[in-house]
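Below is one structure, written out as structure tokens; comments come after it.
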Amino acid sequence: MKFVPIKVEVDEISLSLLGWEAVNLQARLMTEHLGPHSYLNMVTAAGELRFHPDDWRDRYNATNLSMSEYLPPLVWQLRSAAHGPLMSYQTLGLGRKAKELRAPKMISESTDKWESTVRPNPDDQSIWVTAMDWDEIDGWHSRPSSRWADLPVEVLDQTTKRGIRTETRELTARIRANVDLEVSLRAQFALGSADELLAAAIDSDDYFGDLSAPIAEQEDFVVQAPDVTVCTYDEVGFLLENRTLSNYRWVTVHKGGSVPRRGPSLVAVVTAKLDDLAGAPARVVVRVTDPVA
């Protein structure tokens, strides 16, 4: 069994905006030679996390004005310089509460083990760490693999409201080792004006303010982010699976029409076992629609 360090890339800006600081974060690749053309691999990341609540100024953990006690999630991804991502995103530490980070916290997190026919090159591999406002990751993790097959994938934005607009930063649909379909989405949401957000709130079932009051006299109100649905089709257009993400994602506009200075971010990973589908996946469409309460 061999242990060697690999490179760590930290998205310092995203971490800082959400109050996080990663100190001395390191990663190590473990490789065990099982036999001819057979290796078992695992990556472990370890370091110190610090949380600075005063830096977390724009908060998106409110559910219809009810604040959550959980901090924004950290996610990581194992990457290859030659082959791209070796896994979809994985949460780095599950559901941490603010009281857990009153003092710096040491962490050590590992990927699932994966097999390869050649020994991985540690100089080719790295992990990337970032912070998100919202996440939804099936099983909280993705098994790494050196065997991926890409599928055609596209975003179809069918929203009609201008208050919250979806900007896709990364979208992949891939079959892993002929076993699982994994669809990964990383998005940033652009916020409209206070009046556009108010119009979206009034059009929903979640507005309880004064319809006649101008924006400058409005109390706090919330607007739900767009719904996201992952649709998987076979080669003749038959819908194999239709998955809508849970939508506990809200933007709070504060008293007097004070809009957050930055838009929220989302990472989502939707998975399906090929054996559970009524056909072979041929393409994926991610539909973005107005929220439905």
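The values are calculated or read from the model by the stated rules, or taken from the named source; none is laboratory data. Bear in mind that the values here come from a model prediction, so they are computed numbers and not experimental data. Cβ coordinates were reconstructed from backbone atoms using ideal geometry, including for glycine residues, and neighbour counts include every protein chain displayed. The accessibility values were calculated without ligands, DNA or RNA, using every heavy atom of the protein model including side chains. Shrake-Rupley method; radii C 1.70, N 1.55, O 1.52, S 1.80 Å.
Residues that are open to solvent by less than 30 Å² (accessible area, probe 1.4 Å) and under 20 Å from residue 290 (Cα atoms) within the stretch 167-192 comprise 185, 187, 189, 190, 192, listed in sequence order. Here residue 235 passes the criteria (1) at pLDDT below 95; (2) open to solvent by 20 Å² or more (accessible area, probe 1.4 Å); (3) not hydroxyl-bearing (Ser, Thr, Tyr) except the one numbered (1). From 109, 136, 115, grab the single residue that is touching a Leu at 6+ places or on another chain (Cβ under 8 Å), within 30 Å of residue 199 (Cβ to Cβ), in a strand (DSSP E or B) and open to solvent by 10 Å² or more (accessible area, probe 1.4 Å). When all the criteria are applied, what remains is 136.
Applying the criterion of at least 2 residues that are among the acidic types (Asp, Glu) to the strands (runs of 3 or more DSSP E) found wholly in the stretch 141-254 leaves 153-157, 164-176, 180-191. Six or more apart or on different chains, Cβ under 9 Å: which pairs go from a residue in the stretch 64-88 that's more than 18 Å from residue 45 (Cβ to Cβ) and of a type in the set (Asp, Glu) to one that's open to solvent by 20 Å² or more (accessible area, probe 1.4 Å) and modelled with pLDDT of 90 or more? Could you list them? Short answer, once both residue conditions are applied: none. Scanning the stretch 255-293 for residues that are at pLDDT 95 or above, farther than 17 Å from residue 193 by Cα, out of contact with any Pro (no Cβ under 9 Å at 6 or more places or on another chain) and not in a strand (DSSP E or B) gives 275, 276, 277, 278, 279, 280, 281.
Rundown of residues vs (1) open to solvent by less than 70 Å² (accessible area, probe 1.4 Å); (2) in a loop (DSSP other than H, G, I, E, B); (3) within 30 Å of residue 222 (Cβ to Cβ), yes/no style:
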| position | (1), (2), (3) |
| --- | --- |
| 3 | no, no, no |
| 7 | no, no, no |
| 13 | no, no, yes |
| 22 | yes, no, no |
| 30 | yes, no, no |
| 34 | no, no, no |
| 40 | yes, no, no |
| 48 | yes, no, no |
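For the stretch 238-252: of the residues being open to solvent by less than 30 Å² (accessible area, probe 1.4 Å) and among the hydrophobic types (A, V, I, L, M, F, W, C), which is farthest from residue 175 (Cα to Cα)? Result: 251.
Residues that are of a type in the set (Val, Ile, Thr) and open to solvent by 30 Å² or more (accessible area, probe 1.4 Å) were ranked within the stretch 145-165; the one that is nearest to residue 282 (Cα to Cα) is 153.
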